[in-house]
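Accompanying notes for the structure given below.
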Amino acid sequence: DAKTTQPPSMDCAEGRAANLPCNHSTISGNEYVYWYRQIHSQGPQYIIHGLKNNETNEMASLIITEDRKSSTLILPHATLRDTAVYYCIVRRIGNTPLVFGKGTRLSVIA
Amino acid sequence: GAVVSQHPSWVICKSGTSVKIECRSLDFQATTMFWYRQFPKQSLMLMATSNEGSKATYEQGVEKDKFLINHASLTLSTLTVTSAHPEDSSFYICSAGPAGEETQYFGPGTRLLVL
């Protein structure tokens, strides 16, 4: 699976949009981009995933560049409960595991 | 989304004893489940792939005789840490995904402390 690069940490003011970048320049055509987050001492929580089109759900939006070499996760109105480590992962579809990098520690500040 | 549970949520045991951790898919069947462990301030590390009705496959460096995996049904996989030692103390997490879906869902994790 392709590797991803994320900044180690970011801060965001409560109520503002949090934009978390991810580079995945070696992504293959059959690999999806997944985002998960892990709040302290809990199992990872699925957020969103996409192949090449932008995606939106009740939690977040995922913007994937046209060349698919990078993406951005957008939390439109960050709250204190969004403080977590966010993982960007590329993965082939099917019964394949998720391979976690170090992620981005997002701190939402009041 | 689909729900994955784990039991127990935390366990404390003495060195040398064995501990069994259960991972269940509550509202779907899973022919494959994955086991991870996470040490403090580190990311999740894949330990093994649990396959229903067949042997588990282990990642390099994970001792299969120490971490026994049994996937006896389509909704249950168990991880047994045999002869646990303090260095096995960690956060153990499983994941599974419904057939035909593209997403893996994670259990809440089991925190193991070996004294």
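Conditions tested, residue by residue: (1) open to solvent by 60 Å² or more (accessible area, probe 1.4 Å); (2) polar (S, T, N, Q).
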position: B:Gln29; (1), (2): yes, yes
position: B:Glu63; (1), (2): yes, no
position: B:Leu79; (1), (2): no, no
position: B:Thr82; (1), (2): no, yes
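State yes or no: is B:Lys41 loosely packed, with under 12 Cβ neighbours inside 10 Å and not acidic (Asp, Glu)? Criteria met by B:Lys41.
Here B:Ser77 clears all of (1) in contact with a His (Cβ under 8 Å, 6 or more places away or on another chain); (2) in a strand (DSSP E or B); (3) within 12 Å of another protein chain (Cβ to nearest Cβ); (4) not basic (Lys, Arg) except the condition numbered (3). For the range B:35-51, filtered to residues that are among the aromatic types (Phe, Trp, Tyr) and under 10 Å from the mean Cα position of the chain (by Cα), the residue that is farthest from the other protein chains (Cβ to nearest Cβ) is B:Trp35. Within the range B:84-102, the set of residues being surrounded by 13 or more Cβ atoms within 10 Å (Cβ to Cβ) and more than 13 Å from chain A (Cβ to nearest Cβ) comprises B:Ala84, B:Asp88, B:Ser89. You will find that of B:Met33, B:Met45, the residue that is out of contact with any Pro (no Cβ under 7 Å at 6 or more places or on another chain), touching a residue at least 60 places away in the same chain (Cβ under 8 Å) and within 27 Å of A:His40 (Cβ to Cβ) is B:Met33 and no other. Taking A:Arg81, is it among the basic types (Lys, Arg), open to solvent by 40 Å² or more (accessible area, probe 1.4 Å), more than 10 Å from every other protein chain (Cβ to nearest Cβ) and not in a strand (DSSP E or B)? So A:Arg81 passes the test. Comparison of A:Lys52, A:Lys102, A:Lys3, A:Lys69 shows that the only residue that is in contact with a Pro (Cβ under 8 Å, 6 or more places away or on another chain), surrounded by fewer than 16 Cβ atoms within 10 Å (Cβ to Cβ) and not polar (S, T, N, Q) is A:Lys102. Of the residues making up the range A:85-102, those that are facing chain B (nearest Cβ under 8 Å) and closer than 19 Å to B:Met47 by Cβ are A:Tyr87, A:Asn95, A:Pro97, A:Leu98, A:Val99, A:Phe100, A:Gly101, A:Lys102.
Look at (1) away from chain A (no Cβ under 14 Å); (2) modelled with pLDDT of 95 or more; (3) open to solvent by 20 Å² or more (accessible area, probe 1.4 Å) and you find that B:Leu113 fails only one, number (1).
If I ask for residues that are part of a loop (DSSP other than H, G, I, E, B) and not hydroxyl-bearing (Ser, Thr, Tyr), which ones from the range B:16-46 would you list?
Our first condition is that a residue be part of a loop (DSSP other than H, G, I, E, B); within the range B:16-46, this holds for B:16-18, B:26-31, B:39-44.
Selection gives B:Gly16, B:Leu26, B:Asp27, B:Phe28, B:Gln29, B:Ala30, B:Phe39, B:Pro40, B:Lys41, B:Gln42, B:Leu44.
The values are calculated or read from the model by the stated rules, or taken from the named source; none is laboratory data. Quick caveat: nothing in here was measured; it's all calculated off a predicted structure. Positions of Cβ are backbone-derived with ideal geometry, glycine not excepted, and every protein chain shown enters the neighbour counts. For the accessible areas, the whole protein counts, side chains as well, though only heavy atoms, and no ligand, DNA or RNA atoms are used. Shrake-Rupley method; radii C 1.70, N 1.55, O 1.52, S 1.80 Å.
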